[in-house]
Amino acid sequence: MLVVLTAVLGLLSGSIALAQSAVAEPPHGPDPTEESISAPRGPFDIDEESVSRLSARGFGGGTIYYPTDTSEGTFSAVAISPGYTAGEDTIAWLGPRLASQGFVVFTIETLTRYDQPGSRADQLMAALNHLTERSDVQDLVDPTRLGVMGHSMGGGGSLEAALENPNLKAAIPMTPWHTNKDFSGVRTPTMIIGAQNDTVASVNRHSKPFYESLPDAPGKAYLELAGASHLAPNFDNTTIAKSSIAWLKRFLDDDTRYDEFLCPPPQDPEFSDYRSTCPY
């Protein structure tokens, strides 16, 4: 009995040690600064891979941006959807900007330009499935650390994807549009980016009600771009980029070094409103 018990305890301690070593994997990249998250490119060299519409299943193809450094282990991944009547080109700027900070990023085309948020939610998840199961970079992707982003109806799609898939680790809807205003069932840390002068998905009818409906746990934030329009996420925007990087690092990577850029809520003249459930 003593021999068996000793062996069992040895196996248990070995399993615990393996689990602890997995949790203790060092975070990607150097210590962040305001300058590093605001820079046009991060510390990682990147490459890209085109995914044709013909080879895609359940979405319209797109482009995968990924770090080329294989010594860092696997990376978190995020899929990004464009908005109503828009193509991948409108959100393509986010691909290299986020990937160079240590993420695998999939900017997608939708099946049609007129797909509604529910369809875009399904397509975001299909794109993540492609990343983890069929892409040439699947070995770079940590399938347990996946997130979604989107603009306009793609932003509504990212909210719906988070509602339907609680295993997602982060969501960032940008000037989101959706007829549903109740996302109280979301269990994914979500940062909503609204635009003060949005006349398509006004913050009072969309972004703010979405934010208020989200539960406080495990974390939420609302960032409103001062003087900006609905199309602000379609152009290279440092405020959107650095806020998204901080949110994805904190919740996709569990990298608490990025707390300082989120809590307390940052004071920035680019924000007309900022609210959150700090501390995370």
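The values are calculated or read from the model by the stated rules, or taken from the named source; none is laboratory data. Since we're looking at a predicted model, the values are computed, not measured. All Cβ positions, glycine included, derive from the backbone under ideal geometry; neighbour counts span all protein chains shown.
One table, with the values for the structure above:
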item: Lone unmet requirement of (1) under 18 Å from Ser52 (Cα atoms); (2) surrounded by 24 or more Cβ atoms within 10 Å (Cβ to Cβ) for Ala92; result: (2)
item: Scope the stretch 190-214; condition under 13 Å from Ser276 (Cβ atoms) and either of a type in the set (Phe, Trp, Tyr) or in a loop (DSSP other than H, G, I, E, B) (or both); matching residues; result: Tyr211, Leu214
item: Pairs, first free of Cβ contacts under 8 Å to residues at least 40 places away in the same chain in the stretch 40-63, second assigned to a strand (DSSP E or B), C-beta under 7 Å, six or more apart; result: Asp47/Tyr66; Ser50/Thr63
item: Filter result for Pro266 (outside any helix (DSSP H, G or I) and modelled with pLDDT of 95 or more); result: no
item: Test for Gly154: is it on the phi > 0 side of the Ramachandran plot and within 15 Å of the chain's Cα centre (by Cα); result: no
item: Among the residues listed as Lys181, Lys208, Lys169, the single one being among the charged types (D, E, K, R) and either buried (at least 24 other Cβ atoms within 10 Å of the Cβ) or under 21 Å from Ile108 (Cβ atoms) (or both); result: Lys169
item: Residues located in the stretch 234-263, provided they are assigned to a helix (DSSP H, G or I) and either among the β-branched types (Val, Ile, Thr) or more than 14 Å from the chain's Cα centre (by Cα) (or both); result: Asn234, Thr238, Thr239, Ile240, Ile245, Thr256, Arg257, Tyr258, Asp259, Glu260, Phe261
item: Residue selected from the stretch 39-74 under the condition closer than 26 Å to Arg120 by Cα, in contact with a strand residue (DSSP E or B) (Cβ under 9 Å, 6 or more places away or on another chain) and of a type in the set (Ser, Thr, Tyr), by the criterion surrounded by the most Cβ atoms within 10 Å (Cβ to Cβ); result: Tyr66
item: Residue pairs meeting the criteria (Cβ under 6 Å; at least 6 apart or on separate chains; first of a type in the set (Phe, Trp, Tyr), in the stretch 169-193; second outside any loop (DSSP other than H, G, I, E, B)); result: Trp177/Met153; Trp177/Gly156; Phe183/Leu159; Phe183/Leu163; Phe183/Phe210; Phe183/Ser213
item: Test: Leu124 is out of contact with any Pro (no Cβ under 8 Å at 6 or more places or on another chain), assigned to a helix (DSSP H, G or I) and either within 21 Å of Tyr222 (Cα to Cα) or hydrophobic (A, V, I, L, M, F, W, C) (or both); result: yes
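For (1) crowded, with 21+ Cβ neighbours inside 10 Å; (2) under 28 Å from Ala86 (Cβ atoms); (3) without any contact (Cβ under 8 Å) to a residue 12 or more places away in the chain, each residue gets a yes or a no:
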residue: Tyr222; (1), (2), (3): yes, yes, no
residue: His230; (1), (2), (3): yes, yes, no
residue: Thr238; (1), (2), (3): no, yes, no
residue: Lys249; (1), (2), (3): yes, yes, no
residue: Pro279; (1), (2), (3): no, no, no
